[in-house]
Amino acid sequence: MRSRINPGLAGRCPRCWIRTTHCICAEVPRVHTRTRFLVVRHPWETRKTTGTARMAELALVGCQCVELGADPSSTNRLLEGLEGAWLLYPDGAPAPEGVPPPEWLVVLDGTWAQTRRMLRRLTSLRARPCWALPSGPTPILRLRSPHHPDGRSTLEAIADAVALLEGTSVAEPLRTLHRRFVEQVLQARGKRLTPDR
């Protein structure tokens, strides 16, 4: 697949993985949120240059990424230890009213088919509240087209969750980062962007 690389490949920034001529590391904000995030990645996502989970981990002070390995037991143990955790997932329900916000949001990073399989293996999430974001705004510039009607990239989903939980001003740096990441990756591939993007 075109977007999968060895992270040590020459010509790419070792931090953001974009071609060094289009590196955005200087633009990555440091965002503090009350909610902490645990991103569980499908192994195939780990080395994708188009993956936005890496951007979320760089920008969010309270974000950690882990890879779901062949044996899910260690990830299940980690998830069992998270107090006040919710799962952020498109098949969930709207956030219940009058309920304290989550201390942790668990986000599955992968394609729609991959995350469905991950969810079956992560038995520790079955008892957790499952929260679905409301439908997104007007379609935005993306690197991959979502297969689920409410599908978003991982960074998009986290930014939208932060906006609902803590306000748009807290989420805006994440949304800006997502836009700049997509723009720089596309420009590094030689794609011309229209002036309004």
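Since every read-out is calculated from the coordinates, none of them should be taken as a lab result. Keep in mind the model is a prediction, meaning the values are calculated, not measured.
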At q = 0.12, 0.13 Å⁻¹, the log10 of I(q)/I(0) for region 29-133 from a Debye sum over equal Cα scatterers comes to -0.38, -0.45
So what's region 18-72 giving for Cα Rg divided by 2.2 N^0.38 Å, two decimals? 1.26
For a quick check: with amide H placed at 1.01 Å from N, whose amide H comes under 5 Å from residue 65's, ignoring anything fewer than 5 positions away on the same chain? 39
Amide H of residue 92: which non-local residues (sequence gap of 5 or more, or other chain) have their own amide H closer than 5 Å, using H built in the peptide plane? 132
